[in-house]
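The values are calculated or read from the model by the stated rules, or taken from the named source; none is laboratory data. None of the values given here were measured: they were computed from a predicted structure. Quick reminder, even Gly has a Cβ in these numbers, built from the backbone with ideal geometry, and neighbours come from all protein chains shown. Quick note on the areas: whole protein, heavy atoms, side chains included, nothing else; ligands and nucleic acids left out. Shrake-Rupley method; radii C 1.70, N 1.55, O 1.52, S 1.80 Å.
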Protein chains: 2
Amino acid sequence: MTPKINQGTKLEEGRRGRGRPAVFDRGTALNAAMKLFWERGYEGTSFDDLIAAMGISASSFYNSFGSKEALYGEATRSYLEWAGQWFFAILNDPSIDTKTAFARLFEATAEEFTRGDHPLGCMISLAGTHCSPGMKNVRDKMAEYRAFSESAMAERMRKGVANGDLSEDTDCDMLAAYYSAVARGLAVQARDGASREKLSEIGRLAMRAWPAAKPEKRAGPAS
Amino acid sequence: MTPKINQGTKLEEGRRGRGRPAVFDRGTALNAAMKLFWERGYEGTSFDDLIAAMGISASSFYNSFGSKEALYGEATRSYLEWAGQWFFAILNDPSIDTKTAFARLFEATAEEFTRGDHPLGCMISLAGTHCSPGMKNVRDKMAEYRAFSESAMAERMRKGVANGDLSEDTDCDMLAAYYSAVARGLAVQARDGASREKLSEIGRLAMRAWPAAKPEKRAGPAS
DNA sequence: GGATTTTTGGAGCGATGACACCAAAAATAA
DNA sequence: TTATTTTTGGTGTCATCGCTCCAAAAATCC
């Protein structure tokens, strides 16, 4: 019942151990698993689907990754690391003002959500929203990740307030909640086959809700 | 493999048949199933969970509803009928203009998504987005429902253009896609525990993206 | 009351899911 | 080479899933 997080040996990449070296590349296998989870979610991905996509046997799977749940944890972390690259690069780009950062975030989102080389949309946005009670661990973790990205947005906005990009009476938490919701909506649209252009335009429309800077406090680019 | 939609006898409500009458109320049982599907999704809800929540045996289930998939179909139709009540009542309220209709739609959404007497969020918005390939039927159906509500929004906007509520160069399909995305995002936020007030405020922010009426064409309430 | 019709409980079935184990194979250190 | 360490394929296991069948029970009509 309680899943044992027995992750076997799990040697590092550049090991120089004694025994037989693994014939598969751990990173590649993890990547394959990530894409499958991304496409189908946790419950929608079976053990057999996983080992087939990863090209390894059940025992190798067990030795290297411990369990399905442990692998899912690794896969989501791997996804977040990848997605965090472009997400935070844009969000924290010091050369652009706050509004531009969010506009570019949605441009990038439109592109990333519709690329042909990986599943559509976002691995996190919709994960663990509809699941059985036994998946509470997964569900809570996903909600936590979503809350994290939302608070990162709010943080950026607070920086914008400090910069003068945003009026001081801006409710950053609420504004971030709004843009977070738009991002989740984009993920659904992407799943349903919306084109990059459509997502891009939705993002542009969402930016029209951006609060006007206070008249007496002229907002310029961050210097 | 191919699910037989053998729905047994499935007598009407006010039947006066010959044999033993069913001891359970079909509508009540269907409602219980709907809420379970709403909460957990299709794959997250097991047969045993269903018959337990519905208070019937496996055979009664099979006799009355045919199969899990058929029941899910009934449950979603039942949900759509219920949700369509308030959705279309507001969307097509002839006494308010287009912008007000959408503002009220989001107010109602905020309230309905966070009520205590049924699961949080929307049964359709997030359904079938992360699932195994075998669930293609469900997935496509859900995407179809989502597209339907989006096109209903677009239709209302076109009426608004005709009424003069919206400028004639409004891209109604795109604007509807945007508000549809916001609605999906609200569903995720609701799932993650956002309060009614938070959803309400997100809706208000979303309304700030509403296009301004053309200066030369003054928009008044529909008369 | 008897016949008929329908529901109900319970048992069981084949398939799948996720894991667990084991002995053979392979690579390195000594 | 030998011993040691680790991977690997194959097989087995236990639970769950969704469904199916059957005979008993119950209610109606005649």
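To put it simply, the accessible area of chain B at a 1.4 Å probe is 51 percent carbon and sulfur. About its Cα centre, the dipole of the protein assembly as shown is roughly 820 debye, where the only charges are +1 on Lys and Arg Cβ and -1 on Asp and Glu Cβ. In chain B, the C-alpha radius of gyration followed by the widest Cα-Cα span (Dmax) gives 20.5, 71 angstrom.
Approximating the spin labels as points 7 Å out from Cα along Cα→Cβ, the B:SER151-to-A:SER167 distance works out to 4.1 nm. In nanometres and ascending order, the distances from the A:PRO21 label point to those of the other copies are 7.7 (point 7 Å from Cα along Cα→Cβ). Pairs spanning more than 29 Å between alpha-carbon atoms, out of B:LYS35/B:LYS141; B:LYS35/B:LYS136; A:LYS35/B:LYS198: A:LYS35/B:LYS198. What is the calculated FRET efficiency for B:THR100 to A:PHE47, with r their C-beta to C-beta distance and R₀ = 45 Å, to the nearest 0.05? According to the calculation, E is roughly 0.30. Interface size, chains A and B: roughly 3300 Å² of accessible area buried, both sides included, 1.4 Å probe, rounded to the nearest 100.
Taking every residue in B:186-198 and counting other chain Cβ atoms within 10 Å of its Cβ, the average works out to 5. Treating r as the C-beta distance of B:ALA212 and B:SER67 and R0 as 56 Å, the FRET efficiency rounds to 0.60. Based on protein heavy atoms only, chain B ends up with 50 Å² per residue of surface accessible to a 1.4 Å probe. Helix-only arithmetic for chain B: the sum of -39500 (n - 2.57) across DSSP H runs with n ≥ 4, divided by the residue total, places the mean residue ellipticity at 222 nm at -19500 deg cm²/dmol.
Residue by residue along A:130-143, Cβ atoms of other protein chains within 10 Å of the local Cβ number 4 on average. Modelled this way, with points 7 Å down the Cα-to-C-beta line, the labels at B:ARG204 and A:ALA83 are 2.9 nm from one another.
Global size of region B:79-207: 14.9, 47 Å for Rg and Dmax (C-alpha atoms, Rg to one decimal, Dmax whole). Dipole of the protein assembly as shown computed with +1 at Lys/Arg Cβ and -1 at Asp/Glu Cβ about the Cα centre; of B:CYS172, A:SER67, B:ILE202, farthest Cα towards the positive end is A:SER67.
Peptide A:170-178 shows a mean partner chain C-beta count of 4 within 10 Å per residue C-beta. Across all directions, the shadow cast by the convex hull of the protein assembly as shown built on its C-alpha atoms averages 27.1 square nanometres.
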